1. Under the condition of being among the aromatic types (F, W, Y) and modelled with pLDDT of 95 or more, which residue from region 56-79 is surrounded by the most Cβ atoms within 10 Å (Cβ to Cβ)?
2. If you scan region 42-65, which residues turn out to be within 25 Å of G139 (Cβ to Cβ) and touching an Asp or Glu at 6+ places or on another chain (Cβ under 9 Å)?
3. Can C49 be described as surrounded by 17 or more Cβ atoms within 10 Å (Cβ to Cβ), in contact with a Lys or Arg (Cβ under 7 Å, 6 or more places away or on another chain) and either of a type in the set (V, I, T) or within 21 Å of T7 (Cα to Cα) (or both)?
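The values are calculated or read from the model by the stated rules, or taken from the named source; none is laboratory data. Here the structure is a predicted model, which is why all the values come from computation and not from measurement. Cβ placement follows ideal geometry from the backbone for every residue including glycine, while neighbour counts extend to all protein chains displayed.
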Amino acid sequence: MKLKIITSNAGKAVEFRTALGSLGIEVEPQDEDCDEIQADTLEEVVRSCLSQLRSKGLGDYVLDDSGLFINALGGFPGVYSAYALRTIGIDGILRLMDGRADRSARFECCIGCSFKGEEFVVKGRCDGIISERPSGKGGFGFDPIFVPSGYEETFAEMSIDVKNGISHRGRAIQALSETLRGKV
């Protein structure tokens, strides 16, 4: 059984392939356009993309949207994380955090799936803090400045196995796997 993952990010495809392979689901990356609406929540963005892709007749597919929500910045960058990363980058976020005592943050991931004609959404979350400076070479995005609760290293310093076991996307993919288990 095949499930398309709508992404151009090879790292995401590997994460999904690893988690869903045990269910006998083959994950196939597909670069498909979806206009990301400006919205307040990741779920709104994901549901909009599900709706847009439904009309293209893609069959079974999965997509996700993730964001970094920083409490001292009122949840910014949140749903605008990809844009913030492209425009101000990690250094810009660290400048915005300069001198702030509250460094708490969370990563959230929302996954939308169309499978055998049914659509559903699952979520994952990982709480932590924003570090004072970037550290680590692994991962992508804001991983070099996010330290998950209970750990002393950033996502970018962790092995992929450790990160996937505790990350927002790892938790959302686990919820997806559990949901699909009863449908395969």
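1. Per the stated criteria, the residue is F69.
2. Across region 42-65, the qualifying residues are L42, E43, V45, V46, C49, Y61, L63, D65.
3. So C49 does not fit the description; no.
Residues are listed down the side, and each one gets a yes or a no for (1) out of contact with any strand residue (DSSP E or B) (no Cβ under 6 Å at 6 or more places or on another chain); (2) of a type outside the set (F, W, Y); (3) closer than 30 Å to S135 by Cβ; (4) part of a helix (DSSP H, G or I):
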| site | (1), (2), (3), (4) |
| --- | --- |
| V27 | no, yes, no, no |
| L50 | no, yes, no, yes |
| L53 | yes, yes, no, yes |
| Y80 | yes, no, yes, yes |
| L85 | yes, yes, yes, yes |
| F107 | no, no, yes, no |
| S114 | no, yes, no, no |
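Each row is one residue, and each column tells you yes or no for (1) out of contact with any Phe, Trp or Tyr (no Cβ under 6 Å at 6 or more places or on another chain); (2) basic (K, R); (3) surrounded by fewer than 19 Cβ atoms within 10 Å (Cβ to Cβ); (4) modelled with pLDDT under 95.
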| residue | (1), (2), (3), (4) |
| --- | --- |
| R95 | yes, yes, yes, no |
| A101 | yes, no, yes, no |
| D127 | yes, no, yes, no |
| E132 | yes, no, yes, no |
| S135 | yes, no, yes, no |
| P144 | yes, no, no, no |
| Y151 | yes, no, yes, no |
| D161 | yes, no, yes, yes |
| V184 | yes, no, yes, yes |
